[in-house]
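Structure, as C-alpha cells:
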Amino acid sequence: MILVTGISGALGGLIFEGLRAVDGLDVVGGTRAGGTARRIDFEDPASLTEGLAGVDVLVFVSAGYAEDDVVLARHGAAVDAAARAGVKHVIYTSLAGSGDLMTIALPHRWTESRLAAAPFDVTVLRNGLYAEVPVGLAAAGAANAAETGVFAAALGEGRVSVVARQDLADVAVRVAAEVERDLAADGRSRHAGQVYELEGVTAIGGREIAEVLTEALGRQVAYHDVPLFDMRAALAGSGLEPYQVTHTISLFSNAKAGLLEAGSSDLEALLATEPRPVMEAVVEAAKAGYRSQSVTAVRGG
Ligand SMILES: NC(=O)c1ccc[n+]([C@@H]2O[C@H](COP(=O)([O-])OP(=O)(O)OC[C@H]3O[C@@H](n4cnc5c(N)ncnc54)[C@H](OP(=O)(O)O)[C@@H]3O)[C@@H](O)[C@H]2O)c1
C-alpha cells in the first residue's frame, strides 16, 4: 500500500490524484484534515502510528511553512514513525541542489540525512523551485510597469530555474508506482538510494520578466534591480511572518549570486513527455496582474 502525506496541499493533492489514476495500485491519502483520508499530522504521534499502519511505500511530502525547529520536529517525527511502522520505502520531496545555499535548504538536507540513517530504502526527489516565483513577480509588477515602464525586482542579473508543480507530481507518481511494483516483484526497488535532481529546465530572470511585460502591456518595460536592503525594508511591512522574510531574502540573495540557475536536471529523463512550459504562466500572470490592478483603480476611483 502507498500512502501520500499532505493531500490537502497543492503538491500532495496532485500526487495523490495521479496515483489514484494508475490501475492496480492500492493508494491511500494522508492529511491533517482527516475526512475520508487517513489522518496524518507530523505533530501528532498518535496519528502517525495509526495512519502508517500497513503502509509499504510512503510518499513523504515536506511540511515547510514554519520556523526550522518546527519543520525539523515534524520531519523527524515522520521518519521515526515510518521506521516504527515498518514502512519499506520512503519517497521524500526535497529541494533541488541549486537551492543548497538557500535558508530553506537546511530542513531538507537535515531530513535527507535522517532518512539515509533509517532502516528503510529511500528515494529523494529534489524538487526545483515552482514557477510561482516569476509568476508572482510578474503579477505584482504589472501595474507599476504599465504606469512607469519599469519592472523592479531583487534578482540582479541572476535567473531562476523553475518547474511546473504538475511535472514534479508526475515524477513522484511514476517513481512511487514503480517502487510499489518493484517491491511486489522482488523486494527492492530500482529507485532505492537514488537522489533525483528535478531542476526546472527554464531559467527566468528580471530581464525575461520585463520582456514578457513589454509584450503583455504593449509598452516598453525596462528591468531595474532592487538592492536587498530596500527589499528587506519593503518586506518588513508586508505582513509576512519573520521567518518568511528570512527565506524570501535568501531566495533573492541566491538569485543575485547566480546560484539558482541550474546546470543540469533529471526531470526530462523521468517525465514521459517534455517538461511543461512555464513562460506561458508568466505571460498570463502579467496580463492578469495588470487587469486586476486596473479594475481596482476603476472601482477605487
Ligand atoms: N519547490 C518549491 O518551490 C517549494 C516552494 C514552497 C514550498 N515547498 C515545499 O513543498 C511542500 C509542498 O508544497 P505545496 O505547494 O503543496 O504546499 P502547500 O499547498 O502549502 O501545502 C503544504 C503542505 O504541508 C503539509 N503540512 C503542513 N503541516 C503539516 C503537518 N503538521 N503534518 C503533515 N503535513 C503537514 C500539508 O498537508 P495537509 O494540509 O494535507 O495536512 C500540505 O501538504 C511545502 O510544504 C514546502 O515544504 C516547495
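Modelled label positions at LEU228 and GLU50, each set 7 Å beyond Cα in the direction of Cβ, lie 4.7 nm from each other.
Identify the residues of region 256-270 with backbone N under 19 Å of a label point that sits 7 angstrom from the Cα of ASP100 along the Cα-to-Cβ direction, or state none. Counting backbone N atoms under 19 Å from the label point, the list is 256-267.
Residues whose amide H lies under 5 Å from that of SER94, counting only those 5 or more places away or on a different chain, are LEU125, ARG126, ASN127; hydrogens are built 1.01 Å from N in the peptide plane.
With a Förster radius of 22 Å applied to the C-beta separation of THR36 and ALA77, the computed FRET efficiency comes to 0.40. If you take all C-alpha pairs in region 181-235, what percent of them are over 14 Å apart? Across region 181-235, Cα pairs with separations above 14 Å total 74 percent.
For region 260-266, the Karplus equation 6.51 cos²θ - 1.76 cosθ + 1.60, evaluated at θ = phi - 60°, returns couplings of 9, 9, 7, x, 8, 8, 8 Hz by residue, with Gly and Pro reported as x.
Between ALA78, ALA255, ALA269, which gets the highest mean-square fluctuation from a Gaussian network model of the chain, Cα cutoff 10 Å? Comparing ALA78, ALA255, ALA269 in the GNM, the peak value goes to ALA269.
On the basis of the beta-carbon distance and an R0 of 41 Å, GLU280 and GLU67 show a calculated FRET efficiency of 0.70.
For VAL27, the residues 5 or more places off, or on other chains, whose built amide H falls under 5 Å of its own are ILE2. Couplings 3J(HN,Hα) of region 155-161, computed from phi: 9, x, 9, x, 10, 10, 6 Hz, in residue order, whole Hz [Karplus 6.51 cos²θ - 1.76 cosθ + 1.60, θ = phi - 60°; x for Gly and Pro].
Taking the Cα-to-Cβ direction at GLU215 and at SER264 and moving 7 Å from each Cα, how far apart do the two end points lie in nm? Roughly 3.0 nm, to one decimal.
Classified by the C-alpha gyration tensor, region 204-301 has an oblate form. Its axis ratio a/c, with a ≥ b ≥ c, is 1.5 or above, and a/b does not exceed b/c.
Dividing the mean sequence gap of close Cα pairs (under 8 Å, 6+ apart) by how many residues the chain holds gives a relative contact order of 20 percent. Length available on full extension from LEU240 to SER8: 0.36 nm per residue minus the Cα-Cα distance, which gives 81.3 nm. Membrane-span-like helices in the chain, defined purely by DSSP H runs whose alpha carbon atoms cover 30 Å or more axially and whose average Kyte-Doolittle hydropathy reaches -0.5, are 165-186, 279-300.
Beta bridges from DSSP with both residues in the chain: antiparallel share about 10 percent, rounded to the nearest 5.
Read-outs throughout are calculated quantities, based only on the coordinates presented, and are distinct from any laboratory measurement. This is a predicted model, so every value here is computed, not measured. Neighbour counts are summed over all protein chains in view; Cβ atoms, including those assigned to glycine, are modelled from backbone coordinates with ideal geometry.
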